[in-house]
């Protein structure tokens with residue numbers, strides 16, 4: 001079951017904040033967040049687990065609402081290097097990690 | 001430095017030809033994965049392997065085959081049965097096949113039809 005990401009694309013000025021959302025129609029065991037720059041490998045940002053544990057980047061924050069079956073990634077004081085496409089991957093019990101279609105973030109000076 | 005190496009970076013396939021994409025990791029990870037990425041569709045799982053000498057089909061395995069004879073290697077063959085092979089192919093690995101573990105990706109292979 002593919003998660004739904006929103007927005008599909010966002011343009012920010014350097015220093016502005018952004019929130020990227022990821023929602024599922026089923027109960028989640030874990031949510032992964034990755035960033036991919038064009039033509040490059042996705043880079044791991046964060047994992048959020050059912051029960052509240054988080055693993056990942058110390059400059060990026062995220063939330064995991066188990067009841068609403070959704071996660072949000074918070075990018076504060078955005079830098080030019082934050083540009084790229086952000087993917088969430090969701091894991092449902094007994095199913096493999098499934099990725100959303102991505103949110104394209106563009107930071108302009 | 002540890003990591004995942006995919007080769008070649010670009011590959012061209014003729015009609016009726018099988019081609020093999022290489023994926024090697026020196027992270028000592030048990031689990032390895034192959035994904036296909038098309039524009040606007042995110043990453044879709046082709047095959048995965050939880051341990052050496054074992055692998056399972058993912059969501060879009062038709063027209064593809066894999067082997068896992070060594071822990072560090074997980075090559076993907078795109079067969080002539082795959083009618084639309086043009087895509088960006090990503091290999092990944094993780095310590096173990098659990099949702100609590102991050103996946104580490106290679107730089108990808110871009111496959112096109114001649």
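No value in this document is a laboratory result; all are computed from the given coordinates. These numbers were taken from a predicted model, which means no experiment stands behind them. When we count neighbours, we look across all protein chains shown, and the Cβ atoms used for this are built from the backbone with ideal geometry, even at glycine.
Exposure proxy shown here: for A:19, A:10, B:66, A:31, the number of other Cβ atoms within 10 Å sets the order, fewest to most, as A:19, A:10, B:66, A:31.
With Cα atoms defining each centre, region B:39-87 and region B:1-24 are spaced 12 Å apart in the structure. Taken along its principal axes, the alpha carbon cloud of chain A reaches lengths of 43, 26, 21 Å, longest axis first.
Under the definition of partner shielding as Cβ atoms of other protein chains within 10 Å of a residue Cβ, what is the mean value for peptide A:25-38?
Counting Cβ atoms of other protein chains within 10 Å of each residue's Cβ and averaging gives 2.
Among A:83, A:25, A:63, the residue with the largest mean-square fluctuation in a Gaussian network model of chain A, with springs joining Cα atoms closer than 10 Å, is A:25. Computed as a quarter of the hull surface, the mean projected area of the alpha carbon convex hull for chain B stands at 6.8 nm². GNM on chain B, alpha-carbon springs under 10 angstrom: the most fluctuating residue among B:61, B:31, B:81 is B:81. Footprinting exposure proxy ranking of B:74, B:12, A:44, fewest other C-beta atoms within 10 angstrom first, gives B:12, A:44, B:74.
For Cα pairs less than 8 Å apart in space and 6+ apart in sequence, what is the mean separation divided by the residue count of chain B, i.e. the relative contact order in percent?
Answer for chain B is 35 percent.
Its relative contact order, with pairs defined as Cα atoms under 8 Å and 6+ residues apart, puts chain A at 39 percent.
Over all distinct Cα-Cα pairs of the protein assembly as shown, the Kirkwood formula returns a hydrodynamic radius of 17.9 Å.
Neighbour counts of C-beta atoms inside 10 Å place B:83, B:57, B:71 in the sequence B:83, B:57, B:71, starting with the fewest.
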